[in-house]
1. With springs only between Cα atoms under 10 Å apart, run a GNM on chain B and tell me which of B:R76, B:R19, B:R29 wobbles the most.
2. Using a Gaussian network model of chain B whose springs link C-alpha atoms within less than 10 Å, name the residue from B:P40, B:P88, B:P105 with the highest mean-square fluctuation.
3. Please check region A:43-64 for residues whose accessible area, probe 1.4 Å, is lower by 50 Å² or more when all protein chains are in place than in their chain alone.
4. What list of ³J(HN,Hα) couplings, whole Hz, do you get for region A:34-49 from phi and the Karplus terms 6.51, -1.76, 1.60, once you set θ to phi - 60° and write x for glycine and proline?
5. List the distances, in nm to one decimal, from the label point of B:N111 to the label points of the same position in every other copy, shortest first, placing each label point 7 Å from Cα along the Cα-to-Cβ direction.
6. Going 7 Å from Cα along the Cα-Cβ axis for the label, what nanometre distances separate B:P140 from the same residue across the other copies?
7. Just want to confirm a number: the relative contact order over region A:1-118, from Cα pairs under 8 angstrom separated by 6+ residues, in percent.
8. Can you list, shortest first in nanometers, how far A:D100 lies from the same residue in the other copies, with each label 7 Å from Cα toward Cβ?
There are 2 protein chains.
Amino acid sequence: MSNFELHSRLRDDCHQLGRLSACHLLLHRNSAVPWFILVPETDVIELFELESSLRQRVSRECDAVARFLRSEMGARKTNVAAIGNLAPQLHIHVVGRSPDDPCWPAPVWGNLPHGGGYSNERLAQLQSRLVSSLDLRAEPGAGE
Amino acid sequence: MSNFELHSRLRDDCHQLGRLSACHLLLHRNSAVPWFILVPETDVIELFELESSLRQRVSRECDAVARFLRSEMGARKTNVAAIGNLAPQLHIHVVGRSPDDPCWPAPVWGNLPHGGGYSNERLAQLQSRLVSSLDLRAEPGAGE
């Protein structure tokens with residue numbers, strides 16, 4: 001898909017960390033919980049509409065990001081969801097949760113208090129760990 | 001897994017429609033939106049912890065249920081999520097959404113108004129269509 005463009009809502013809400021094999025990897029700007037969003041390059045809006053091999057690659061990348069949340073970012077539970085009622089571009093939330101986070105046990109959507117953001121240093125550190133662990137191709141300027 | 005037991009919260013909230021190949025298929029009792037829940041027989045609590053072939057079967061069954069929501073139940077969008085903050089037994093929500101449903105565009109969790117329920121006749125009709133379309137092995141007495 002040569003003319004891929006990220007939905008404006010996702011662009012506004014997230015840092016663009018880079019590319020995995022199948023998906024663009026975003027990080028929600030609200031750092032109250034560690035919240036990744038994976039965006040495959042596709043025009044379809046439902047997971048079930050993805051061609052079978054891409055569907056599997058997307059699932060594997062979601063699993064890898066969830067594993068990263070547990071092993072590297074202290075998540076006790078992960079929440080994985082494809083919703084897309086507001087931003088119809090297919091995207092999958094992979095969120096790290098813990099009993100001491102500010103909206104536990106509620107889901108994050110609509111319940112997350114306004115939180116702090118990530119420093120450029122923290123973003124660079126995260127990108128570097130994702131490059132090592134998940135073979136991320138890092139996007140320059142993720143802090144923008 | 002011979003000693004499978006459904007978490008009490010899922011049992012209280014849902015009708016047990018029957019078994020697909022990998023998952024038990026539940027239907028949320030609140031009929032305000034069509035809301036299925038798939039429960040694989042496993043002790044792990046995260047999708048990424050499932051053994052690879054079971055992970056794929058679970059995804060395929062979620063996709064099939066989402067397709068059913070669109071083709072047979074009028075859903076314009078599906079929301080697919082593994083959350084599990086309250087009921088730690090691994091379960092995947094597959095929810096049919098439409099712009100005229102009572103909590104659109106918000107996610108259903110925590111936002112769905114108390115709705116009506118399903119009649120036994122409607123449950124039997126749904127089961128029958130799921131048997132035909134998804135090869136469901138129907139559970140008797142789903143109305144309980």
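1. For chain B, modelled as a Gaussian network with Cα springs under 10 Å, the answer is B:R76.
2. Highest fluctuation among the options: B:P105.
3. Buried-area filter returns A:E46, A:F48, A:R55, A:D63.
4. x, 9, 9, 9, 9, 10, x, 7, 7, 9, 6, 10, 10, 3, 5, 8
5. Reported distances to equivalent positions: 1.3 nm.
6. 7.0
7. Result for region A:1-118 is 28 percent.
8. 4.9
The values are calculated or read from the model by the stated rules, or taken from the named source; none is laboratory data. Since the model is a prediction, treat every value here as computed from it, not as a measurement. As a convention, Cβ positions derive from the backbone with ideal geometry for all residues, glycine included, and neighbour counts pool all protein chains shown. Accessible surface areas use protein heavy atoms only, side chains included; no ligands, DNA or RNA. Shrake-Rupley method; radii C 1.70, N 1.55, O 1.52, S 1.80 Å.
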